Structure formats: C-alpha cells, structure tokens
Amino acid sequence: MSLLKWALIMLVVSLIAALFGFTGLAAASADVARILFYIFLVIFLVLLVLGLVGARAARGP
C-alpha cells in the first residue's frame, strides 16, 4: 500500500475517534482524538501534495 492510502486510512480512523470523542461517548479520550485528528490531517495534506507533485514530475512537462 502506498503512503497516501495509509494516510487516508489513518484520517478515517481519526475521524471516527473524533466522532466518539466529540459526542461525549468517550469523554476521556476527546482530547486525544482531537490531537490525532489534526496530526493525521496535516500528514494527509502533506502526502497529498507530495503525491500530486510526484505524479506531475513522473508525467513530465
């Protein structure tokens, strides 16, 4: 699996964790879910940009 696919998987996992944390189902882990969400969001965006730049470079001018 490529890193971009792993980043998408981790983003979904963190969104699910954030959903549980933000709705009060897991109040003790809400802060952890919030932190994980933003960490994986940043990782996803960085990998998305790198993937797009790499695809353009591989395609050529």
Identify all residues within the stretch 1-44 that are modelled with pLDDT under 75 and of a type in the set (V, I, T); write none if there are none. T23
Determine which single condition L48 fails, assuming it passes every other condition in (1) modelled with pLDDT of 90 or more; (2) crowded, with 16+ Cβ neighbours inside 10 Å. (2)
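The values are calculated or read from the model by the stated rules, or taken from the named source; none is laboratory data. Remember, predicted model here, so these are calculated numbers, not experimental data. Positions of Cβ are generated from backbone atoms using ideal geometry, with glycine treated the same way; all protein chains shown enter the neighbour counts.
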